[in-house]
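The values are calculated or read from the model by the stated rules, or taken from the named source; none is laboratory data. Everything numeric here is computed off the predicted structure, so don't read it as measured data. Accessible surface is based on the protein model in full, side chains and every heavy atom, while ligands, DNA and RNA are left aside. Shrake-Rupley method; radii C 1.70, N 1.55, O 1.52, S 1.80 Å.
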Amino acid sequence: MSEKARQIRSKIVGLLIRSARENAGKSQKDVAKALGVTARRISQYELGEKEISLPELEVVAILCNVPLMYFFDETATVTPSKVPSEKAMELRRKIIGALLKQARLEANISQKECAAAVGISTRRLSQYEYGEKDIPLADLEALARHLSVGIDYFVVPQSREQEMAFHEVSASSTG
């Protein structure tokens, strides 16, 4: 994905985040608190100055009571549940990383080749695969395209057990 395309995608996602937040009657501080970041960071996301990761976007969707696919396809109808904890977001980052690695291995593509194809370092790709670093949406979309998987490969839980574990971690961390 070209740098220009990344910037445009970030601005589109930012506008959608702002729209969802405002329609839900939430302030930037409300969203920042849920994500464990500053209100300035939310402003940067909404202006397209900084890229948001999928786990963060999932929290925004839940908090603003919009389907996650709203940020990808406005025709989706999903009922969000309660906002996951930081521990649950860490788990999602690891799950997304594992799915990324699985897709890359199934495509029989080396880390070096995959990273080069999407314009990131091999080290960065490794950090993504091990859940050590949030994956900006633009990178995740580019990786998904290169690996010939849809974004829903990462969005939809792969099993009911995963979904239940995600919600259990979230519930046990908040209660």
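Where in the stretch 89-157 are the helices (runs of 4 or more DSSP H), entirely inside, with at least 2 residues that are open to solvent by 70 Å² or more (accessible area, probe 1.4 Å)?
Values: elements: 111-118, 122-129, 137-146, 152-155.
Once the helices (runs of 4 or more DSSP H) in the stretch 89-157 are filtered for at least 2 residues that are open to solvent by 70 Å² or more (accessible area, probe 1.4 Å), what remains is 111-118, 122-129.
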Before we move on, is Glu58 acidic (Asp, Glu) and either under 17 Å from the mean Cα position of the chain (by Cα) or modelled with pLDDT of 95 or more (or both)?
yes
